[in-house]
1. Give me the residue from region 82-105 that is of a type in the set (Gly, Ala, Ser) and modelled with pLDDT under 95 and, out of that set, nearest to the chain's Cα centre (by Cα).
2. List every residue pair whose Cβ atoms sit under 9 Å apart, with the two residues 6 or more apart in sequence or on different chains, where the first one lies in region 265-288 and is under 20 Å from Gly52 (Cα atoms) and the second, anywhere, is outside any helix (DSSP H, G or I) and of a type in the set (Asp, Glu).
3. Taking the criterion of being modelled with pLDDT of 95 or more, touching a Phe, Trp or Tyr at 6+ places or on another chain (Cβ under 9 Å), basic (Lys, Arg) and not assigned by TED's automatic domain parsing to the domain that holds Thr59, would at least one residue in region 238-253 satisfy it?
4. Given (1) more than 24 Å from Leu43 (Cα to Cα); (2) modelled with pLDDT of 95 or more; (3) touching a helix residue (DSSP H, G or I) at 6+ places or on another chain (Cβ under 6 Å), where does Arg276 come up short, assuming only one miss?
5. Kindly indicate whether Gln51 is of a type outside the set (Gly, Ala, Ser) and within 15 Å of the chain's Cα centre (by Cα).
6. If I ask for residues that are surrounded by fewer than 17 Cβ atoms within 10 Å (Cβ to Cβ) and either within 12 Å of the chain's Cα centre (by Cα) or basic (Lys, Arg) (or both), which ones from region 215-252 would you list?
7. Before we move on, is Gly306 surrounded by fewer than 22 Cβ atoms within 10 Å (Cβ to Cβ), in a helix (DSSP H, G or I) and either among the acidic types (Asp, Glu) or at pLDDT below 95 (or both)?
Amino acid sequence: MARSRTPKFDASEVITNEIIRIIERGVLPWRKPWTAGGSSRPLRVGGEPYQGVNNFLLTMRTVMAGHSSPFWMTLPQANALDAKVRKGEKSSVVVYYGQSRRDAGGEDDHGERDDRSEEARVFRFQKSYRVFNACQIDGLPDSFFPDPEPVPEHPPSEPIPHMQAFFDAIDITTVFTGTEAYYLPPVDKVFMPSIARFENPRNFYGVWAHELAHATKAPHRLNRDFGFSKFGNTSYAREEIVAELTSVFLGQTLGFTAHTLEMNAAYLHNWLRVLRSDKGAIFKHAADAQRACDYLIARSETGRAGRSAEAA
C-alpha cells in the first residue's frame, strides 16, 4: 500500500493566503498608527529591526494581535533565555533568503560532471521559520517589554518640522496644487494638495511618501517596470502595492502611517487581484518597496548634507 505523503509546507502560499483573508475583511491593518514598546518596527531578539517582507508581516501581526512588545524570537531563542512560550500560543511564519553555488565543472542535477559550464551557478532560495512575540512568552527579562513612548501632538494642517525637512531635501520636484495626488512620468513631477487640506498632517506626509515612491520607478532612478500600466490593470496594481509598502516603511522611520486620498473597494481589489494570481508577489514587492524606501532616505540625506555644506 502506498503511503500518503504530507504536503510540503509552502510558506509563500500560507503567508499570501493570510494577507488575502485579512484584506477580504476590508481593512489594511498596517495603516493603524502604532508603536510597541517605543519601537515603530518589529525587532529581532538582539534588537535589530526586521526588513522588507518580514517587517511588513510582523507589523501587521503586531497590530492585529495587540502586542505591546516589539520583540520576536524563535522557540530555541526563548528557551536559551530560560523563558517558555505559553501553551496554545500560535507562531508567526517569517522567511529568509539565501544562496548557494555550484562551481564550474561541478556535478549536474544527475550527479554527472558538467565541464561545459565556465562560470559558477548561483541558486537563490527561500526558507521559512517561526517566531513568537515576547507577549506570548513567560519568563523574559523586563528589557523585552520597554515602556511605550507618547505620540507627540501636532497642530492640524501645519508642517511637522522633521518630516518636512526630510521631504524637502529629496531632489524630486513636487508641485502643490489642486485636490489630487499623483506622479506624472512625462514631466517627472509629483503633484500634491497643500498640507492645509489635511487636518492630520501625518496623512499629508503619508500621501507624499506614496507618490514619491511612484517617482522612484523612473528609469534614471530604480528603473522599476511591471509592463504597460493603466488604471485597474495588473501592472498598475503591482505598482500600487510597492508604493503602499514604501509609505509603510518610510513612515516607520519618520512617524506617520501609509495613507491615500481614496480608500475604497477598488484599492483593496488591486491587492487581491495580484495576491490571488501570484503567491510570490508580496515578497517581490516588499523587496521593491524596501529599495524605494532606502533610495528616498539616501536622497534626503544627500540633499541635507549639500545644504549644510552650502551654509558652512
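1. Gly98
2. Close Cβ pairs (under 9 Å, with a partner that is outside any helix (DSSP H, G or I) and of a type in the set (Asp, Glu)) amount to Leu272/Glu24; Lys279/Asp10; Lys284/Asp278.
3. Looking through region 238-253, at least one residue is modelled with pLDDT of 95 or more, touching a Phe, Trp or Tyr at 6+ places or on another chain (Cβ under 9 Å), basic (Lys, Arg) and not assigned by TED's automatic domain parsing to the domain that holds Thr59.
4. (3)
5. So Gln51 fits the description; yes.
6. Hits for region 215-252 are Arg221, Lys230.
7. Yes.
Residues checked against (1) touching a residue at least 40 places away in the same chain (Cβ under 8 Å); (2) outside any loop (DSSP other than H, G, I, E, B); (3) surrounded by 14 or more Cβ atoms within 10 Å (Cβ to Cβ); (4) in the same structural domain as Leu296 (by TED's automatic domain parsing):
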| position | (1), (2), (3), (4) |
| --- | --- |
| Gln126 | yes, yes, no, no |
| Phe167 | yes, yes, yes, yes |
| Asp171 | yes, no, no, yes |
| Val190 | no, yes, yes, yes |
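The values are calculated or read from the model by the stated rules, or taken from the named source; none is laboratory data. It should be emphasised that the depicted structure is a prediction, and the values quoted were computed from it without experimental measurement. Glycine also receives a Cβ, built like all others from the backbone with ideal geometry; neighbour counts cover every protein chain displayed.
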